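The values are calculated or read from the model by the stated rules, or taken from the named source; none is laboratory data. This structure is a prediction, so every number in the text was calculated from the model and none was measured. Note: ideal-geometry Cβ built from the backbone for every residue, glycine included; neighbour counts use all protein chains shown. We work out accessible area using only protein heavy atoms, side chains counted, and drop any ligands, DNA or RNA first. Shrake-Rupley method; radii C 1.70, N 1.55, O 1.52, S 1.80 Å.
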Amino acid sequence: MENQKWYRTYLFIWTGQFFSMITSYAVHFAVIIWLSLEHRSPEVLALAGIAGLLPQALIGPFAGVFIDRWDRKKVMMFSDGFIAICAFAMTFLLRNEQVDLFWIYALLACRSVGNAFQSPAMQAIAPLIVPEKELLRVSGINQMLQSVSTIAGPALGTLAITYFAIADVLYLDIIGAVLAITSLFFVRIPHLKSVSKGSIAAVFTELKDGFGAIHRNRGLGYLFFYAMLVTFFVMPAAIMFPLLTTGYYGGGKWEISLIEIVWGIGMLVGGSVLSILRIKTPKIILVNAMHIILGFSFLLCGAFPSTWFIAFVVITTLSGIAMSIFSAAFMTTIQEEVEPKMLGRVFSLYFSMAVLPSIIGLLFTGLIAEKVGVAPSFIIAGGLVMLVGIASFLTPKLMQLGRQENANADATL
């Protein structure tokens, strides 16, 4: 009965988040297509990436403190509502024939602020509802949910930007937020009571506790460090995927959409494998192996001849599988290694720590594209990520993560 109870609760959450993710991906992808075809500039795409990441990176650690203090269900509802209000306001500001890029960047920044609260809160509620032995499978299902969204979202976004102005496309964000908030009304999520004081000093003390949870666990520290390196190397190249598709492989609007869709299909396959099968491979091995596969995929994306678009599609699908398995194994490892009352802070710290170095990389995106070239950038980034994966396997403290849990699981069989 308990199993059915937690499953029903998570089903409501999944349903609302599913529609929210689809519309969010659709809006984000429509904006990227509009920027790519309207401006064809690596610098513009890089600035859009920074606008969408920097606010979340800066306020993320502090957001995590309040996520752990507040009711996480209400945090998710208010963050979705904030994004919807910002989107509604932007529909009026973007009605001019000549759209000012400042408002596009402002829109992405507002979404980033909302995501600084919404994403860590979503990850932090799982251990409050789901039995520990089911966490990896639930992470796999979460990846499937995200994958279907990355398949349907770009297709919806492409259709939307084809037939509607950029201002009208933003109504999709409002619809998705309303559905997500409505679904949360029907579920009960346990609230961990906090006795923390509201002073600024107390906030910094709790933030320090979040850093301490990572610092005390050497393996977890290495896990975060290598994930930051991967993000730093991948982000400048990943932001240029539309330019690789159009400039190197000679594609257009629908080819850009196809690449996003097959990425989502790959993530769906990876999530399906984790959710259907009971994978016994240690999660840290999955994380490290996916680093190597993801790096190899990026390397091939830049190394293929420009006439090999089909091969580019196939290898992008493989990279989606690798990213899905990595994300599920990575998130589950954190959920198992960190106390539930600290998860909001730790997840927020991770999102910020991973993003801040990548922003530095994004600042050089235009220079990289001009001096090195888009395709060679993928080769270099992929090679560096593969080296990170190899280094991960050679780090003893990292390889010991989860060993105690695996031993306990074997003892109960």
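The table for this structure:
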{"item": "Pick from the stretch 276-308, criterion hydroxyl-bearing (Ser, Thr, Tyr) and surrounded by fewer than 21 Cβ atoms within 10 Å (Cβ to Cβ), ranking: modelled with the highest pLDDT", "result": "Thr307"}
{"item": "Residues of the stretch 40-52 that turn out to be open to solvent by 20 Å² or more (accessible area, probe 1.4 Å), modelled with pLDDT under 75 and in a helix (DSSP H, G or I), as a count", "result": "2"}
{"item": "Considering residues of the stretch 382-404 that are part of a helix (DSSP H, G or I) and modelled with pLDDT under 85 only, the residue least open to solvent (accessible area, probe 1.4 Å)", "result": "Leu398"}
{"item": "Filter pass, Gly198 being at pLDDT below 55 and surrounded by fewer than 19 Cβ atoms within 10 Å (Cβ to Cβ)", "result": "yes"}
{"item": "Any hit, the stretch 266-275, residues being modelled with pLDDT under 70 and closer than 25 Å to Pro131 by Cβ", "result": "yes"}
{"item": "Among (1) in contact with a Ser or Thr (Cβ under 8 Å, 6 or more places away or on another chain); (2) β-branched (Val, Ile, Thr); (3) more than 30 Å from Glu339 (Cβ to Cβ), the one test that Thr15 misses", "result": "(3)"}
